[in-house]
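Chemist: Sharing a structure here in structure tokens format.
Nothing in this text is a laboratory measurement; each read-out follows from the coordinates by a stated rule. Note that the structure is predicted; figures quoted are calculated from it, not measured. Virtual Cβ from ideal backbone geometry, glycine too; neighbours counted across all protein chains shown.
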Amino acid sequence: MQNFDISSNDKKNDNINSNSDRASKYCYENTNVLINNLNIRNSKDLSFYEAKITAAKSLDLRQKGVTGKFDKEHFLSIHKYLFEDIYPFAGKFREENIAKGEFRFAMWEYIEQELDKLLESLKKENYLANLSKEEMAKRLSYYLSELNVLHPFREGNGRANREFIRQLALKNGYNLNLSKSTPKEILEASIESVIDTKKLEEVIYRCLDNLY
């Protein structure tokens, strides 16, 4: 993957800004509130309803099991399912550059081609088949870190990325239960994974349960 400028990490949607001098095309005029299907104009209210809706959708996905073939369409469909009731851009790559503090995510023009490369690498690894728990944790950490750097969507990257990785673990006979870790620990490990995935590997290893 290209060397993008990275020095912080994703936290909340109202902390992610369009990485330009102009207002974000995804926000209501003169606000940082994302345009949404509920027409909510307050960021706190939007976050509340978004969390409730996506929690229910996430539960549905856990009950469905593996929902695709770990290609681009599968990845996009996860984001679409989670956020289609909230955002008109659900399941679509962002079309502007975004940043969080000094952290600049991948330039939007390169997102699709970089994702294609990443998923092709996953295919060449036979979708991580027949790995030990330790090796599984390492490779899941790698792919989660790469997806986090890409940040393909305007909002909802963390949830979509983690669901994709959860399904990848499930395909290989592992249940990835991140509730065994704290949100703070996951966030810190994700930040550090840009430079070194060791801490994220440790978190994922602890959260992996062998189903067989």
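Chemist: Quick check: residue separation of S47 and D85 times 0.36 nm, minus the Cα distance between them. What number comes out in nm?
Modeler: 12.3 nm
Chemist: With springs only between Cα atoms under 10 Å apart, run a GNM on the chain and tell me which of E155, E185, E114 wobbles the most.
Modeler: Fluctuation is largest for E185.
Chemist: With springs connecting C-alpha atoms under 10 Å apart, model the chain as a Gaussian network and identify which of R139, R154, R62 has the largest mean-square fluctuation.
Modeler: Top of the fluctuation ranking is R62.
Chemist: Please compute the modelled spin-label separation between D60 and K171, points set 7 Å along Cα→Cβ, answer in nm with one decimal.
Modeler: 2.2
Chemist: Related question: Hey, what do the phi angles of segment 163-176 turn into as Karplus ³J(HN,Hα) couplings, whole Hz, using 6.51/-1.76/1.60 and θ = phi - 60°, x for Gly and Pro?
Modeler: Couplings: 5, 4, 5, 4, 5, 5, 4, 4, 4, 9, x, 10, 9, 9 Hz.
Chemist: Once the other residues with Cβ under 13 Å from the Cβ of Y127 are scored (Lys, Arg +1; Asp, Glu -1), what is the net sum?
Modeler: Once all neighbours under 13 Å are counted, the net charge is +2.
Chemist: Tell me whether segment 94-212 comes out rounded, prolate or oblate; compute the Cα gyration tensor, take square roots of the eigenvalues as a ≥ b ≥ c, and use a/c under 1.5 as the rounded threshold.
Modeler: The shape class here is oblate.
Chemist: Running a GNM on the chain with Cα contacts under 10 Å, which residue among T197, T54, T31 ends up with the highest mean-square fluctuation?
Modeler: Judging by the Gaussian network model, the answer is T31.
Chemist: Please list, ordered by chain and number, the residues whose modelled amide H lies under 5 Å from the amide H of R94; skip anything fewer than 5 residues away on the same chain.
Modeler: Sorted by chain and number, the residues that satisfy this are F153, R154.
Chemist: Less than 18 Å from a label point 7 Å out along the Cα-to-Cβ axis of K123: which backbone N atoms in segment 32-68 qualify, by residue?
Modeler: 67-68
Chemist: Further question: Give the relative contact order (percent, whole number) for the chain; include only Cα pairs under 8 Å separated by 6+ residues.
Modeler: Result for the chain is 24 percent.
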